[in-house]
Amino acid sequence: MKKILHLSVFLLFSASCTSQLATYRRKAEIILAHHVEKFGKCYLDEFPQHPYFSGTLVLNIEVSKLGDIKNISTTKIFHPKVDKCVIELIRPIKLPAHQKEKLSYQQPLHFYNEQEKLYL
């Protein structure tokens, strides 16, 4: 019997924002989607200690006019090590430029693990 881990990391889009912010978030999510596997590794590094741990990490992201991430934090602690790892990975990512002096939004990341058993 061999156990296979399947991890899903989703970028969740929230419809509760202005259309201009929604458009920006869609563009930012396309960029962040390229890094989902790295975010998943942050989670998997903690997996042996917390085998059924799943949930949503909500990030507060403040972006400069040029697309640099000026500030990033979590709305509440998801898991201290996972939070820190994801924040360190996101901080250097260049997001789309925009017209405001600074722009703030929330970006949820959903971590879900599913264990399947394969009988070989």
Within segment 34-67, can you find the residues that are surrounded by fewer than 13 Cβ atoms within 10 Å (Cβ to Cβ) and in a helix (DSSP H, G or I)? 37, 45
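May I ask you to verify whether residue 116 is loosely packed, with under 14 Cβ neighbours inside 10 Å and either in contact with a His (Cβ under 9 Å, 6 or more places away or on another chain) or at pLDDT below 95 (or both)?
Numbers: loosely packed, with under 14 Cβ neighbours inside 10 Å: yes; either in contact with a His (Cβ under 9 Å, 6 or more places away or on another chain) or at pLDDT below 95 (or both): yes.
For residue 116, the condition - loosely packed, with under 14 Cβ neighbours inside 10 Å and either in contact with a His (Cβ under 9 Å, 6 or more places away or on another chain) or at pLDDT below 95 (or both) - is met.
The rows are residues; the columns are (1) over 29 Å from residue 19 (Cβ atoms); (2) within 14 Å of the chain's Cα centre (by Cα).
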site: 46; (1), (2): yes, no
site: 87; (1), (2): no, yes
site: 96; (1), (2): no, no
site: 102; (1), (2): no, no
site: 107; (1), (2): no, yes
Which of the residues belonging to segment 69-105 are in a loop (DSSP other than H, G, I, E, B), at pLDDT 90 or above and exposed (fewer than 15 other Cβ atoms within 10 Å of the Cβ)? 91, 92, 94, 97
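Return the total of residues in segment 42-71 being without any contact (Cβ under 8 Å) to a residue 40 or more places away in the chain, under 23 Å from residue 95 (Cα atoms) and out of contact with any Lys or Arg (no Cβ under 6 Å at 6 or more places or on another chain).
Step one: of segment 42-71, the residues without any contact (Cβ under 8 Å) to a residue 40 or more places away in the chain are 44, 46, 48-50, 64-71.
Subset that is under 23 Å from residue 95 (Cα atoms): 64-71.
Now restrict to residues that are out of contact with any Lys or Arg (no Cβ under 6 Å at 6 or more places or on another chain): 65-66, 68, 70-71.
Residues in segment 42-71 being without any contact (Cβ under 8 Å) to a residue 40 or more places away in the chain, under 23 Å from residue 95 (Cα atoms) and out of contact with any Lys or Arg (no Cβ under 6 Å at 6 or more places or on another chain): 5 in total.
The values are calculated or read from the model by the stated rules, or taken from the named source; none is laboratory data. Please read these numbers as outputs of a predicted model, since none were measured by experiment. Don't worry about glycine lacking a Cβ; one is built from the backbone with ideal geometry, like all the others, and counts go over all protein chains shown.
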